[in-house]
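S.K.: What follows is a single structure, and I will ask about it in a moment.
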Amino acid sequence: MNELEFGGKVKEPDVRMLRDMDDVLYDRRWARGAEDQELYYMYRDLFLSRRDGDLFVEQGIRYDITIIPPRMLGREYVKTAGHYHPTVPGEAVTYPEVYEVLEGEATYLLQREDLSDVLVVRAMEGDKVVVPPGYGHITINESNKRLKMANFVARGFSSIYEPIRERGGGAYFLTEDGFVENPRCEEAAPLREIEVPKVKALGLSKNREIYPIGREVGKLAWLVRPQDYLEIFEGFLD
Ligand SMILES: O=P(O)(O)OC[C@H]1O[C@](O)(CO)[C@@H](O)[C@@H]1O
């Protein structure tokens, strides 16, 4: 039922369960009384043809699709667990990522690890949202529609979950009463909301899906070698 057909093949997802999220939820009381259940579906390392798959591997990039059905987790809107990315080996810069909303609406919470900057971006179908180096990210579905989103990211690194888990979630929770501060993130900067940042300098546009860009060798090199593109990321989220 939760299979995805992609490139003529049926793909099975990794499933994020409620119990995986116990440490990062706003409404703990609700969670304690709720049965374990499926929250969202991650289809990783997708390609439409063998050739595309080879091209993605050659470039060190990976294409994923994530599906988040709408629902409430008690008083909080459904969201991803949230994570940071590691630094590129030998560099001081962390890997970025690009998301594309394929269906529905996505609310992206981006935060620096020291919480000196925390922001929210609301994205609609076709929007591309880049998570620049230095930021962790949580995706929230606050709509009543299914959210289907794609991402390209450098392959072969492991996401870092501890900082968000240790603080009991992101710096802010999106609840039925709006954003609420996480009491374990007292030093967090005030939440700011920005429009979807312009992504032209990274070769992206609202009118073009990201998937075919992955076939153009080198076009997504900024995902793998962000240290060569620092001037583009400078002030990217201002
Ligand atoms: O790892 P989390 O925080 O559950 O978020 C899942 C998302 O992250 C990714 O691993 C990419 O960063 C996707 O596969 C998926 O959208």
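The values are calculated or read from the model by the stated rules, or taken from the named source; none is laboratory data. The shown structure was predicted, so the numbers you read here are calculated from the model rather than taken from an experiment. Glycine gets a Cβ as well: all are built from the backbone with ideal geometry, and neighbour counts include every protein chain shown.
S.K.: Just checking, does the range 52-65 include any residue being within 13 Å of the ligand (Cβ to nearest atom), touching a Gly at 6+ places or on another chain (Cβ under 7 Å), modelled with pLDDT of 95 or more and over 15 Å from residue 153 (Cβ atoms)?
M.R.: Checked against the condition, which is being within 13 Å of the ligand (Cβ to nearest atom), touching a Gly at 6+ places or on another chain (Cβ under 7 Å), modelled with pLDDT of 95 or more and over 15 Å from residue 153 (Cβ atoms), the range 52-65 yields no hits at all.
S.K.: Next up: I'd like the residue in the range 134-151 that is among the charged types (D, E, K, R) and assigned to a loop (DSSP other than H, G, I, E, B) and, out of all such residues, is farthest from residue 163 (Cα to Cα).
M.R.: If we take residues in the range 134-151 being among the charged types (D, E, K, R) and assigned to a loop (DSSP other than H, G, I, E, B), then 145 is farthest from residue 163 (Cα to Cα).
S.K.: Of the residues that make up the range 99-113, is at least one within 12 Å of the ligand (Cβ to nearest atom) and acidic (Asp, Glu)?
M.R.: Yes: one or more hits.
S.K.: If you don't mind, another one. Tell me which residues, restricted to the range 67-86, are part of a strand (DSSP E or B) and within 16 Å of the ligand (Cβ to nearest atom).
M.R.: Let us first name the residues in the range 67-86 that are part of a strand (DSSP E or B), namely 67-68, 72-73, 76-77, 79, 83-84.
Listed by number, the residues that qualify are 67, 68, 73, 76, 77, 79, 83, 84.
S.K.: Let me ask you something else. Return the pairs, sorted by first residue and then second, in which the second residue is of a type in the set (Val, Ile, Thr) and assigned to a strand (DSSP E or B), the first residue lies in the range 9-30 and is in contact (Cβ under 8 Å) with a residue 40 or more places away in the chain and more than 13 Å from the ligand (Cβ to nearest atom), the beta carbons are less than 7 Å apart, and the residues are 6+ apart or on different chains.
M.R.: That search, which allows pairs on different chains as well, returns 26/175; 26/180.
S.K.: In the range 45-66, how many residues are in contact with a Leu (Cβ under 7 Å, 6 or more places away or on another chain) and part of a strand (DSSP E or B)? First the steps, then the outcome.
M.R.: Of the residues in the range 45-66, the ones in contact with a Leu (Cβ under 7 Å, 6 or more places away or on another chain) are 59, 61, 63-65.
With the extra rule that they be part of a strand (DSSP E or B), the set shrinks to 61, 63-65.
Selection size over the range 45-66: 4.
The rows are residues; the columns are (1) among the aliphatic types (A, V, I, L, M); (2) within 28 Å of residue 28 (Cβ to Cβ); (3) within 17 Å of the chain's Cα centre (by Cα); (4) crowded, with 21+ Cβ neighbours inside 10 Å.
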{"residue": "143", "(1), (2), (3), (4)": "no, yes, yes, no"}
{"residue": "173", "(1), (2), (3), (4)": "no, yes, yes, yes"}
{"residue": "188", "(1), (2), (3), (4)": "yes, yes, no, no"}
{"residue": "206", "(1), (2), (3), (4)": "no, no, no, no"}
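S.K.: Return the residue satisfying two criteria in turn: it lies in the range 91-111 and is among the β-branched types (Val, Ile, Thr) and over 18 Å from residue 205 (Cβ atoms), and of such residues it is farthest from the chain's Cα centre (by Cα).
M.R.: 93
S.K.: Right, another one. Under the condition of being of a type in the set (Gly, Ala, Ser) and assigned to a strand (DSSP E or B), which residue from the range 94-133 is surrounded by the most Cβ atoms within 10 Å (Cβ to Cβ)?
M.R.: By that ranking, first place goes to 106.
This table checks each residue for (1) among the aliphatic types (A, V, I, L, M); (2) at negative phi; (3) touching a helix residue (DSSP H, G or I) at 6+ places or on another chain (Cβ under 6 Å).
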| site | (1), (2), (3) |
| --- | --- |
| 169 | no, no, yes |
| 179 | no, yes, no |
| 191 | yes, yes, no |
| 194 | yes, yes, no |
| 205 | no, yes, no |
| 211 | no, yes, no |
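S.K.: Which of the residues spanning the range 119-167 are over 19 Å from residue 237 (Cβ atoms), within 15 Å of the ligand (Cβ to nearest atom) and among the small types (Gly, Ala, Ser)?
M.R.: Correct list: 150, 154, 156, 158, 159.
S.K.: A further question follows. Residues in the range 158-169 that are surrounded by 17 or more Cβ atoms within 10 Å (Cβ to Cβ) and touching a Phe, Trp or Tyr at 6+ places or on another chain (Cβ under 8 Å): how many?
M.R.: Selection size over the range 158-169: 2.
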